Amino acid sequence: MIFKTATLAGLAALLMAGSAMAIDIKLGVLNDRSGIYADLSGEGSVVAARMAIEDFEAAAKGINVEVISADHQNKPDVASTIARQWYDEEGVDVIVDVPTSSAALAVNEITREKGKIFLNSGAASTDLTGAQCAPGTAHWTYDTYALANGTGKAMVDNGYKNWYFLTADYAFGHSLEENTTAVVEAAGGKVLGSVRHPFPGTDFSSFLLQAQASGADVIGLANAGGDTVNSIKQAAEFGITQAGQALAGLLIFITDVHALGLETAQGLVLTEAFYWDLNDDTRAWSERFSEEMGGSKPTMVHAGVYSAVLHYLKGVEATNSKETDAVMGWMKSNPSSDPVFGEGELRADGRHIHDMYLFQVKAPSESTGDWDYYKLLATIPAEIAFRPLEDGGCALVE
Amino acid sequence: MFELLGIPPQALFGQLLLGLINGSFYALLSLGLAVIFGLLNIINFSHGAQYMMGAFVAWMALTWLGIPYWGALVIVPLVVGATGVVIERLMISKLYHLDHLYGLLLTFGLALIIQGLFRNQFGVSGLPYSIPPQLSGGTNLGFMFLPNYRGWVVLASLVVCFGTWFAIERTRLGAYLRAATENPTLVGAFGINVPRMITLTYGFGVALAAFAGVLAAPIYSVNPNMGADLIIVVFAVVVIGGMGSILGAILTGFGLGIVEGLTKVFYPEASSVAIFVIMAIVLLVKPAGLFGRTA
């Protein structure tokens with residue numbers, strides 16, 4: 001009996017020594033593949049993850065990466081079930097993307113419980129690097145603090161002092177409203193009120209009229225995707241913008257602008273972590289992405305997936321392991337560098353830091369071609385774009 | 001200035017009007033469902049997808065063929081209605097002798113396939129479709145700014161709803177239809193082609209959904225999920241009104257639009273469930289629905 005156990009242990013040790021030469025990684029892209037966030041994440045995020053694996057030449061370095069994907073339908077319960085199944089039964093090592101804050105927070109908890117790695121690009125809640133920060137979680141692309149800090153501050157500085165919020169009634173909307181309120185008040189503005197709409201919604205006219213009746217200078221749209229598109233469209237229809245109230249889209253993706261058309265979207269001020277037409281690197285990368293995605297340009301969520309997966313693979317190579325503490329430790333102590341975000345760093349709380357950009361949507365006459373939508377108003381330097389490390393209340397920060 | 005339940009009267013009138021506008025869509029869609037259920041006994045779960053097709057075909061007509069909104073309003077219901085005729089002939093007609101459930105499952109499957117095809121082709125962000133220039137702008141009613149287009153939606157919906165009700169309840173053709181659902185053999189014996197009449201009825205119900213889709217295209221973004229988002233609400237409307245009741249579908253459609261509009265003012269978070277709460281209450285008190293006949 002003892003002999004048998006010893007043989008087995010020896011055999012196991014041999015096998016493990018063998019696997020140190022080649023590391024097998026299973027990477028699960030979990031996002032919305034059919035609902036209102038499917039264009040801004042969806043299949044594009046799978047393509048972005050594959051591009052990172054190709055560019056890293058993972059296979060040649062003995063790292064075999066298998067990519068799987070699933071649809072969480074923006075529902076936290078569905079996301080939890082898939083995450084659990086992936087970790088327990090399918091041997092998934094790292095979950096990527098996960099837009100929709102409520103779903104991301106659920107996956108965050110399961111990842112912590114299982115001791116795995118979660119590279120979030122699509123969700124916005126600052127809780128991921130604040131109260132609920134986890135050792136294996138990296139929050140890559142943007143968050144509600146950065147969005148509020150960009151668009152919110154720019155609007156108040158331009159004289160739009162009195163705000164009214166149209167807020168999607170779930171974790172993301174609440175977080176965005178809260179963060180923007182703080183920024184607005186700090187900049188000398190005032191919040192007159194807010195209305196919370198069910199998510200996802202179709203008709204926003206009732207809520208828009210309530211916002212109009214408030215007499216605020218600006219209506220802050222604390223929602224995203226199709227909800228924002230419909231809100232902006234209907235605000236134009238009801239003459240709200242013509243009557244002098246401004247709209248502040250706090251989270252607008254380039255796919256939303258594409259869906260609205262420049263006629264309706266022109267003039268909007270928005271904050272993004274990435275734009276395809278920023279520089280030669282982003283143009284070249286986006287060109288490759290477009291070829292695989294039938295011509296559509298990448299959103300910042302796609303860029304974030306690429307950047308996060310690339311940095312993760314570097315960590316795996318450097319530590320020659322896929323063990324959570326080792327890889328995350330390497331990722332946090334080495335700067336990131338890639339064609340989409342340039343130089344960046346992963347902070348102790350899991351927040352990835354890079355420059356953010358304030359854009360304004362062009363008028364149809366200013367646009368010179370397909371997807372030529374933004375003009376750059378300001379670059380928000382990495383160190384002031386995101387919430388200061390000590391303010392998040394993350395337990396990982398000493 | 002006096003206030004009603006803490007809300008200024010202007011705002012309240014505004015919300016009532018908005019409710020009426022949303023109710024126009026509920027009424028049109030539940031009317032189509034009621035016609036199809038009342039006369040064919042088919043629970044048409046693909047109705048939402050057919051509404052979405054209406055919006056997409058309008059977009060295609062404009063973008064690919066240059067047919068403007070007004071043309072689309074006539075052509076699109078015919079085109080989408082024709083696909084309904086084909087579906088009825090090829091598939092649904094094989095199910096009449098089976099339980100309701102088979103029709104429901106078939107049309108549910110069709111809805112998923114249609115949505116999937118449009119999603120693969122066009123993505124989910126939606127496509128822009130402008131309000132026709134004749135109806136752009138709006139009128140200041142004093143208590144609110146009413147976009148001309150929304151006024152037109154209410155008008156068009158009322159006319160179509162009334163016309164359909166009149167055709168089914170007050171004309172000879174409607175009498176044949178109703179008789180054919182009671183006793184197809186007898187009506188057939190009078191020399192009336194009952195199967196063709198039923199096929200055209202399904203086509204007409206589908207055309208109603210497509211018409212609502214064209215009306216919706218300029219105000220909601222044209223996207224593959226637009227029908228799926230709406231269909232559950234519309235089913236609740238039909239259940240509250242009484243399955244198969246034409247008048248019930250129309251009146252509850254408008255009525256529930258208004259109730260939902262008011263919920264958006266008093267307790268916005270509950271606005272998406274208000275209709276289902278009412279459905280639960282109605283089913284407890286009057287299981288056949290407000291205007292339904294008990295079998």
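The values are calculated or read from the model by the stated rules, or taken from the named source; none is laboratory data. Nothing here was measured: the structure is a model prediction, and the numbers come from that model. Cβ atoms come from the backbone with ideal geometry, glycine included; neighbour counts cover every protein chain shown. Calculation scope for accessible area: heavy atoms of the full protein, side chains included, ligands and nucleic acids excluded. Shrake-Rupley method; radii C 1.70, N 1.55, O 1.52, S 1.80 Å.
Taking the dipole about the Cα centre of the protein assembly as shown, with the C-beta of Lys and Arg at +1 and of Asp and Glu at -1, give me whichever of A:ILE95, B:GLN10, A:ILE68 is farthest to the positive side.
The residue sitting farthest along the positive end of the dipole is B:GLN10.
Using Stokes-Einstein with the Kirkwood hydrodynamic radius over Cα pairs, what translational diffusion coefficient do you get for segment A:313-398 at 4 °C and a viscosity of 1.567 mPa s, in µm²/s rounded to a whole number?
83 µm²/s
Any idea what the dipole of chain B comes to, in debye rounded to 20, about its Cα centre with Lys/Arg Cβ at +1 and Asp/Glu Cβ at -1?
500 debye
Nearest 10 degrees is fine. How inclined is helix B:9-40 to the longest principal axis of chain B, computing both from alpha carbons?
So the helix axis and the longest Cα principal axis differ by about 10 degrees.
Considering the options B:TYR26, A:SER175, B:GLY241, tell which one lies farthest towards the positive end of the dipole of the protein assembly as shown, charges being +1 on Lys and Arg and -1 on Asp and Glu at the Cβ, about the Cα centre.
Selected residue: B:GLY241.
What are the principal axis extents of the Cα atoms in segment B:126-223, in Å, biggest first?
Result, largest extent first: 58, 31, 19 Å.
Over chain B, calculate the relative contact order: mean separation of alpha carbon pairs under 8 Å at least 6 apart, over the residue count, as a percent.
Taking the mean separation of contacting Cα pairs over the length of chain B, I get 37 percent.
Rounded, prolate or oblate for segment B:169-295? Axes are the square roots of the Cα gyration tensor eigenvalues, ordered a ≥ b ≥ c, and the cut-off for rounded is a/c under 1.5.
It comes out oblate by the Cα gyration axes.
Any idea what the relative contact order of segment B:1-139 is, in percent, if you count C-alpha pairs under 8 Å spaced at least 6 apart?
Rounded, it is 26 percent for segment B:1-139.
Go ahead and estimate [θ] at 222 nm for chain B from helices alone: -39,500 (n - 2.57) per DSSP H run with n ≥ 4, summed, over the residue count, rounded to 500.
Estimated from H runs of four or more residues: -24000 deg cm²/dmol.
Express the Stokes-Einstein translational diffusion coefficient of segment A:125-250 in µm² s⁻¹, to the nearest whole number, given a Kirkwood radius over alpha-carbon pairs, 4 °C and a viscosity of 1.567 mPa s.
So the translational diffusion coefficient is about 88 µm²/s.
Given A:LYS26/A:LYS297; A:LYS75/A:LYS116; A:LYS75/A:LYS362; A:LYS26/A:LYS375; A:LYS153/A:LYS362; A:LYS161/A:LYS233, which pairs have Cα atoms separated by over 29 Å?
Violating the 29 Å Cα-Cα cut-off are A:LYS75/A:LYS362; A:LYS26/A:LYS375.
So how far apart, in nm, are the two label points at A:ARG283 and A:ASN334 if each is 7 Å from Cα heading toward Cβ?
3.1 nm
What FRET efficiency do you get for B:ASN41 and A:ARG112 if R0 is 60 Å and r is their Cβ-Cβ distance, rounded to the nearest 0.05?
Calculated transfer efficiency: 0.65.
Looking at chain A as a GNM with Cα springs under 10 Å, which of A:ALA248, A:ALA363, A:ALA138 has the largest mean-square fluctuation?
Looking only at A:ALA248, A:ALA363, A:ALA138, the largest GNM fluctuation is found for A:ALA363.
Mind pulling the angle between the C-alpha long axis of helix B:69-90 and the longest principal axis of chain B? Nearest 10 degrees, somewhere in 0 to 90.
30 degrees
Taking a probe of 1.4 Å, how large is the accessible area per residue of chain A, in Å²?
On a per-residue basis, chain A sits at 36 Å².
Report, please, the projected area of the protein assembly as shown averaged over directions, based on the convex hull of its C-alpha atoms, in nm².
Its Cα hull, projected and averaged over all orientations, spans 36.8 nm².
Residues of segment B:254-279 that become at least 30 Å² less accessible with every protein chain present than in their own chain isolated, using 1.4 Å: which are they?
B:LYS264, B:PRO268, B:GLU269
For a Förster distance of 60 Å, can you work out the FRET efficiency between the beta-carbons of B:LEU155 and A:LYS61, rounded to the nearest 0.05?
The pair B:LEU155/A:LYS61 has a calculated efficiency of 0.35.
Given charges of +1 on the Cβ of Lys and Arg and -1 on the Cβ of Asp and Glu, with all other atoms neutral, how large is the dipole of segment A:276-336 about its Cα centre, in debye to the nearest 20?
It works out to roughly 140 debye.
For chain A, just say rounded, prolate or oblate: build the C-alpha gyration tensor, square-root its eigenvalues into a ≥ b ≥ c, call rounded for a/c under 1.5, and beyond that prolate if a/b exceeds b/c, oblate if not.
prolate
Could you compute how much accessible area chains A and B hide from each other, both sides summed, with a 1.4 Å probe? Nearest 100 Å² is fine.
Protein heavy atoms only, the A-B interface buries about 2300 Å².
With no solvent and one point per C-alpha, what does the Debye sum give as log10 I(q)/I(0) for segment B:156-195 at q = 0.27, 0.29, 0.30 Å⁻¹?
-0.81, -0.88, -0.91
First check a/c for segment B:39-120, with a ≥ b ≥ c the square roots of the eigenvalues of its C-alpha gyration tensor; if it is under 1.5, answer rounded, and if not, answer prolate when a/b is larger than b/c or oblate otherwise.
Here segment B:39-120 falls in the prolate category.
If you fit an axis through the alpha-carbon atoms of helix A:2-19 and take the longest principal axis of the Cα set of chain A, what angle between them do you get, 0 to 90°, nearest 10?
50 degrees
Suppose each label sits 7 Å from its Cα in the direction of the beta carbon; what would the A:VAL78-A:GLU263 distance come out to in nanometres?
Placing both labels 7 Å along Cα→Cβ, they lie 3.3 nm apart.
Could you look at the protein assembly as shown and say what percent of its accessible area is carbon and sulfur, using a 1.4 Å probe and all protein chains?
Here carbon and sulfur together make up 61 percent of the probe-accessible area.
Dipole size in debye (nearest 20) for the protein assembly as shown around its Cα centre, Lys and Arg Cβ +1, Asp and Glu Cβ -1?
2620 debye
Extending each Cα 7 Å along its Cβ direction at A:LEU192 and B:ILE232, get the distance between those two points in nm, one decimal.
It works out to 3.5 nm between the two label points.
Can you give me the Kirkwood hydrodynamic radius for segment A:107-169, using every pair of distinct Cα atoms, in Å to one decimal?
Taking the inverse mean of 1/r over all distinct Cα pairs, segment A:107-169 comes out at 13.5 Å.
Can you give the FRET efficiency to the nearest 0.05 for B:GLU269 and B:ARG196, using r as the Cβ-Cβ distance and R₀ = 45 Å?
Efficiency, rounded to the nearest 0.05: 0.35.
Kindly provide the helix-only [θ] at 222 nm of chain A, computed as the sum of -39,500 (n - 2.57) over DSSP H runs of four or more divided by all residues, to the nearest 500 deg cm²/dmol?
-12500 deg cm²/dmol
Over 10 Å intervals from 0, what percent of Cα-Cα pairs in chain B sits in each interval?
6, 27, 35, 22, 8, 2, 0
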